[in-house]
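Chemist: I'd like to ask some things about the structure below.
The values are calculated or read from the model by the stated rules, or taken from the named source; none is laboratory data. Just so we're clear, the structure is a prediction, and the values are computed from it rather than from any experiment. Every residue, glycine among them, receives a Cβ derived from its backbone with ideal geometry; neighbour counts consider all protein chains shown. Quick note on the areas: whole protein, heavy atoms, side chains included, nothing else; ligands and nucleic acids left out. Shrake-Rupley method; radii C 1.70, N 1.55, O 1.52, S 1.80 Å.
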Amino acid sequence: GWDPETPDSGRIVLDEQRPIQLLDLIPSIPATSDTYVYMEETTFTNAAAEILEGDLATYGEATLIYTRRTQAVEKIATYIPVTEEQLEDAPQAAALVNQRLPFMVQQRLDSQIINGNGSTPNLLGVLAVSGLQTQARGSDPDFDAWEKAITKVRVTGRAVPNALVMHSNNWSYLRRARTTDGIYVLGNPQDTNMVSRLWGLPVILCESIA
């Protein structure tokens with residue numbers, strides 16, 4: 001007799017990796033040059049005021065000044081050596097390479113969006129932008145600190161926040177917050193419709209942020 005044949009299932013168990021978490025938040029456009037040029041409004045003087053009818057001499061003069069800005073277009077790349085014979089003999093090899101290589105590039109881009117230091121060839125990540133606002137937690141309860149940060153974005157930054165990005169460990173801590181009588185602040189753990197939201201904004205979990 002002989003040992004029974006052991007067929008190959010063809011299944012591949014992939015290594016566990018951090019998923020793509022931030023790319024959907026950031027709009028993207030094609031680039032045709034090694035630099036991206038845009039204009040930033042650096043002076044906005046609003047001289048609009050109430051005047052009497054027919055009083056044309058007291059119109060206030062407004063001021064708008066625009067500054068030319070440039071940002072380097074950087075490149076993220078990687079490769080895997082594969083022979084033509086491998087691609088021809090194992091069709092699954094081509095599918096695997098076509099799946100994993102783009103994921104590697106996107107995973108790196110996903111991290112650079114938040115952590116890139118802006119020094120070529122690194123991207124300028126959100127946390128490295130000059131003048132970035134901060135909100136210290138201090139003695140505030142966690143929920144209050146987040147609300148203060150949202151308000152600062154609106155009042156000082158003059159922007160409308162669309163999401164909160166935090167590490168999964170931080171969200172887990174908030175999610176487990178309970179009142180003195182043991183009731184979970186953010187809802188019953190058995191609620192099947194539970195969504196990750198705080199102060200009306202979606203919470204984006206990201207393990208590439210500190």
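Chemist: Is it the case that the stretch 95-108 has a residue that's within 30 Å of Ser196 (Cα to Cα), out of contact with any His (no Cβ under 8 Å at 6 or more places or on another chain) and exposed (fewer than 10 other Cβ atoms within 10 Å of the Cβ)?
Modeler: No, the conditions are met nowhere in the stretch 95-108.
Chemist: For the stretch 1-30: of the residues being open to solvent by 100 Å² or more (accessible area, probe 1.4 Å) and aliphatic (A, V, I, L, M), which is farthest from Asn115 (Cα to Cα)?
Modeler: Top of the filtered list is Val13.
Chemist: Could you figure out which of (1) surrounded by 10 or more Cβ atoms within 10 Å (Cβ to Cβ); (2) at pLDDT 90 or above isn't true of Leu87?
Modeler: It is condition (2) that Leu87 fails.
Chemist: Could you go through the stretch 116-125 and let me know if any residue there is at pLDDT below 95, buried (at least 16 other Cβ atoms within 10 Å of the Cβ) and not in a loop (DSSP other than H, G, I, E, B).
Modeler: yes
Chemist: Here's something else I'd like to know. Quick check on this structure: which one of Tyr66, Tyr36 is of a type in the set (Phe, Trp, Tyr) and either at pLDDT 95 or above or farther than 30 Å from Ile204 by Cα (or both)?
Modeler: Values: Tyr36 fails: either at pLDDT 95 or above or farther than 30 Å from Ile204 by Cα (or both).
Result: Tyr66 is the single residue among Tyr66, Tyr36 that is of a type in the set (Phe, Trp, Tyr) and either at pLDDT 95 or above or farther than 30 Å from Ile204 by Cα (or both).
Chemist: Give the number of residues within the stretch 71-99 that are without any contact (Cβ under 8 Å) to a residue 24 or more places away in the chain and not in a loop (DSSP other than H, G, I, E, B). Don't jump to the end; show me each part of the working.
Modeler: Initial filter on the stretch 71-99 (without any contact (Cβ under 8 Å) to a residue 24 or more places away in the chain): 79-91, 93-95, 97-99.
Pick out the ones that are also not in a loop (DSSP other than H, G, I, E, B) and you get 84-89, 91, 93-95, 97-99.
Number satisfying all stated conditions: 13.
Chemist: Hey, among Asp140, Asp144, which residue is at pLDDT 95 or above, surrounded by 12 or more Cβ atoms within 10 Å (Cβ to Cβ) and in a loop (DSSP other than H, G, I, E, B)?
Modeler: Going through Asp140, Asp144 in turn, the sole match is Asp140.
Chemist: Restricting attention to the stretch 31-70, which residues are touching a residue at least 24 places away in the same chain (Cβ under 8 Å) and either in contact with a Gly (Cβ under 9 Å, 6 or more places away or on another chain) or open to solvent by 70 Å² or more (accessible area, probe 1.4 Å) (or both)?
Modeler: First, pick out the residues of the stretch 31-70 that are touching a residue at least 24 places away in the same chain (Cβ under 8 Å): 31, 33-42, 65-70.
Once the filter is applied, which keeps residues that are touching a residue at least 24 places away in the same chain (Cβ under 8 Å) and either in contact with a Gly (Cβ under 9 Å, 6 or more places away or on another chain) or open to solvent by 70 Å² or more (accessible area, probe 1.4 Å) (or both), the stretch 31-70 yields Asp34, Tyr36, Tyr38, Met39, Glu40, Glu41, Ile65, Tyr66, Arg68, Arg69, Thr70.
Chemist: Then there is this: With respect to the numbered conditions (1) in contact with a helix residue (DSSP H, G or I) (Cβ under 6 Å, 6 or more places away or on another chain); (2) at positive phi, which one is the sole condition not fulfilled by Gly10?
Modeler: Here Gly10 clears every test but (1).
Each row is one residue, and each column tells you yes or no for (1) open to solvent by 50 Å² or more (accessible area, probe 1.4 Å); (2) free of Cβ contacts under 8 Å to residues at least 24 places away in the same chain; (3) under 24 Å from Asn117 (Cα atoms).
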| site | (1), (2), (3) |
| --- | --- |
| Pro161 | no, no, yes |
| His167 | no, no, yes |
| Asn170 | yes, yes, yes |
| Leu174 | no, no, no |
| Arg178 | yes, yes, no |
| Ile183 | yes, yes, no |
| Val195 | yes, yes, no |
